[in-house]
1. Can you tell me how many residues in segment 1-53 are under 26 Å from the mean Cα position of the chain (by Cα), modelled with pLDDT of 95 or more and farther than 15 Å from THR154 by Cβ?
2. Limited to segment 22-42, what total is found for residues that are without any contact (Cβ under 8 Å) to a residue 60 or more places away in the chain and not in a helix (DSSP H, G or I)?
3. If a residue must be open to solvent by 30 Å² or more (accessible area, probe 1.4 Å) and outside any loop (DSSP other than H, G, I, E, B), how many such residues does segment 43-59 contain?
4. Does segment 217-234 hold any residues that are more than 17 Å from SER130 (Cβ to Cβ) and touching a Leu at 6+ places or on another chain (Cβ under 9 Å), and which are they?
5. Checking the structure you have, find out if any residue of segment 294-303 is surrounded by fewer than 20 Cβ atoms within 10 Å (Cβ to Cβ), of a type in the set (Gly, Ala, Ser) and assigned to a helix (DSSP H, G or I).
6. Can you work out which of the residues in segment 304-314 that are touching a residue at least 40 places away in the same chain (Cβ under 8 Å) and farther than 23 Å from ALA330 by Cα is surrounded by the fewest Cβ atoms within 10 Å (Cβ to Cβ)?
7. Return the pair list, or none, for Cβ contacts closer than 7 Å from residues in segment 225-247 that are of a type in the set (Asp, Glu) to residues that are open to solvent by less than 30 Å² (accessible area, probe 1.4 Å), at least 6 apart or on different chains.
8. Would you check if there is a residue in segment 319-328 being out of contact with any Pro (no Cβ under 9 Å at 6 or more places or on another chain), open to solvent by 10 Å² or more (accessible area, probe 1.4 Å) and either at pLDDT 90 or above or charged (D, E, K, R) (or both)?
Amino acid sequence: MSATAPITQDVMTIPRKQAEGPVNLVGLTRDAMRAALIAEGTPEKQAKMRVGQIWQWIYQWGTRDFADMTNLSKAFRAELAEKFVIEVPEVVTKQVSEDGTRKYLVRIAGGHEVEVVYIPEEGRGTLCVSSQVGCTLTCSFCHTGTQKLVRNLTAAEIIGQVMVARDDLGEWPVPGTLTDAPRLLSNIVLMGMGEPLYNFENVRDAMKIAMDPEGIQLSRRRITLSTSGVVPEIARTAEEIGCQLAVSFHATTDEVRNKLVPINKRWNIAELIEALRAYPKVSNSERITFEYVMLDGVNDSDADAHRLIELIRGIPAKINLIPFNEWPGAPYKRSSNNRIRAFSEIVYQAGYASPVRKPRGEDIMAACGQLKSATERERKSRKQIEADAGM
């Protein structure tokens, strides 16, 4: 292998200083919202009821203006508007692919930007959500991994991605009505920018909001968290979130995985597999998804397929084979269709589902492993232009 990647760095995330001014209610847990209301003068005996009312307006009906919360008194609505806000990330641009995939560039506090992708399919619609600005993992095949970690997203900025997508899809129901219409946004995958398990608390709180039965109301089986293998947090994910789990596996030997997914140098394949074996028992998850990007001449041999089968034997699993989505300057090439089919057949004959993921949104750089904030792309391309010009 000619392509290499640096060892994953230790990163200490410094807590962000809270912005001055009104408190944003988006992203607060029910307990935190109750405490915030009490701190601003809501009687303690009324606080739980008020949280339930406000929660429904924000997360079930998509309301952003306290004045529209008509089951609250005018005086209380005025108090809320004075002391609180309902804010979600700002959509800077929206691109729509030929295949219907939508990619949103959203701006968050500090002027930072992240990308969010909506993928429509027959009978379902999946939103790929980001958890960090940039990424600390430096996976050598991933475009996001070439952008340094800037910071973790807050719970508000994570659940806010779901809210702005529902805005764009026009999927908030009319207050007071019920609908049996199929959901346009039916699934969430934490597979966008960043490693979710390096931002555990914010991801957990955001997904708890998404699963709340009096709000967005997504089943835990409709949410999939993808990790590169932060082993100590895997059991915690099962206990505190309970969603479906996917792992960015991508190699069958430590030698290769160390280069593709450098976090493997801290928690190797054996340690990762041990943690994954315990996961379905704890969370009652149906099966773990092993994501495996197909790289020509790197990890796509018949021997790799047979090793993969032996490694996961006994784990309820499916294998998602991902044709490599190339990006400018990528050090790898996509495996041929024949090689991918041969690999898939070996895995399938061993009794595991092995679908080949159809690349979506490639024409707008929205496919798996291609996300990177537009400002970072622009910054890098400008530097490249200057270098080419001898500046």
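The values are calculated or read from the model by the stated rules, or taken from the named source; none is laboratory data. Being a predicted model, the structure only gives us computed values, none of them experimental. Cβ sites come from the backbone with ideal geometry, for glycine too, and all protein chains shown count toward neighbours. The protein model used for the area step is the full one, side chains on, heavy atoms only, and it has no ligands, DNA or RNA in it. Shrake-Rupley method; radii C 1.70, N 1.55, O 1.52, S 1.80 Å.
1. Going through segment 1-53 one residue at a time, the tally reaches 2.
2. Here the count works out to 3.
3. 8
4. Selection gives LEU218, GLY229, VAL231, PRO232, GLU233, ILE234.
5. yes
6. Out of the qualifying residues, it is HIS306.
7. Pairs found: GLU233/LEU197; GLU233/PHE200.
8. Within segment 319-328, one or more residues are out of contact with any Pro (no Cβ under 9 Å at 6 or more places or on another chain), open to solvent by 10 Å² or more (accessible area, probe 1.4 Å) and either at pLDDT 90 or above or charged (D, E, K, R) (or both).
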